[in-house]
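Values quoted throughout were computed directly from the atomic coordinates according to the rules given, and no laboratory measurement underlies them. Remember, predicted model here, so these are calculated numbers, not experimental data. Using ideal geometry, Cβ is built from the backbone for each residue, glycine included, and neighbour counts are taken over all protein chains shown.
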Amino acid sequence: MIRVLLVEDDVRLAAALGDALSAGGLEVRHVTTGAAALEAPVADVVLLDLGLPDGDGLDVLAALRARFDMGGAGIIVVTARGREADRVAGLRAGADDYVTKPIALGELFARIEAVARRTNPSAQAHLGVGPLDLDLTSRQATRDGVDGGLTAKEFDLLLALAREPGEAVSRDRLTLQVWQTVWPGTQRTLEVHVATLRAKLGDPSLIETVRGVGYRLVQEPP
């Protein structure tokens, strides 16, 4: 499981983001200040806001990078500062990635996984549920060792379900994570992708329809 340290002083934003990341299978610890970030346990990825109440975020970034037991952590700046000069300063101060708010949840998951793979090879590279194995590096999904030949969106959809095995995942959450929208028209696209995914996996019982909610990836198919 990828361990994420969320450094964000906006408590409401942090709560919503933390819930979404936790629901997606990540281990999240939240702190609101740079001082607390420097004292927090080691993480695989740090999500760092630059507008902190106890000092400039770039100073915190440099201190995190210099801290011995944070040396293997990946640092992603997540901020409203979107000027080119800000991005350059953040990357020069030690950030592995730099994104501006607002950011789509699906994109943030992808960036976290990419940074974790680059900076910490021991971070999760595979996700297994029952007969399924998802390789997060090659983005291939196999069932009992057989490659399903999934498209990018089909893999993203399966991954969103696999992050919460046995749990009903709402249609809105799936469309948000996979297509970065909750537009009602995307619901039909979701249904088509689920049908195709069931066929490619060779066992429709792996993905259950939860009436009125969404879909569930079963951990032990019948």
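When DSSP assigns beta bridges and you keep just the ones with both residues in segment 3-119, what percent turn out antiparallel, to the nearest 5?
Approximately 10 percent, going by the DSSP bridge assignments.
Before rounding to the nearest 500, sum -39500 (n - 2.57) across all DSSP H runs of length at least 4 in the chain and divide by the residue total; then give [θ] at 222 nm in deg cm²/dmol.
-12000 deg cm²/dmol
Pairs of Cα atoms under 8 Å, at least six residues apart: use those to get the relative contact order of segment 95-222, whole percent.
23 percent.
Quick one: helix 152-162 against the long Cα principal axis of the chain, what's the angle to the nearest 10°, folded into 0 to 90?
The two axes meet at around 90 degrees.
Give the distance, in whole Å, between the Cα centre of segment 14-39 and the Cα centre of segment 51-67.
Computed from Cα coordinates, the inter-centre distance equals 16 Å.
Using alpha-carbon pairs under 8 Å, 6+ residues apart, how would you state the relative contact order of the chain in percent?
It rounds to 14 percent for the chain.
Rounded to the nearest 5, what % of DSSP beta bridges with both residues in the chain are antiparallel?
Close to 50 percent.
Where the centre of each part is set by its Cα atoms, how far does segment 134-148 sit from segment 198-218, in angstrom?
Segment 134-148 and segment 198-218 have Cα centres separated by 18 Å.
Rounded, prolate or oblate: which fits segment 100-222, taking a ≥ b ≥ c as square roots of the Cα gyration tensor eigenvalues, rounded meaning a/c under 1.5, else prolate when a/b beats b/c?
Oblate shape, in that a/c is at least 1.5 and b/c is the bigger or equal ratio.
Using a Gaussian network model on the chain with a 10 Å cutoff between Cα atoms, which of ALA36, ALA73, ALA160 fluctuates the most?
ALA36
Do any trypsin sites (Lys or Arg not before Pro) in segment 1-70 lie in a loop, going by DSSP, with at most 10 other beta-carbon atoms within 10 Å of their beta carbon, and if so which?
Passing both the DSSP loop test and the Cβ count: no residue.
Rounded, prolate or oblate: pick one for segment 3-119, where a ≥ b ≥ c are the square roots of the eigenvalues of its C-alpha gyration tensor, a/c under 1.5 means rounded, and failing that, prolate if a/b is larger than b/c, else oblate.
Rounded, since a/c falls under 1.5.
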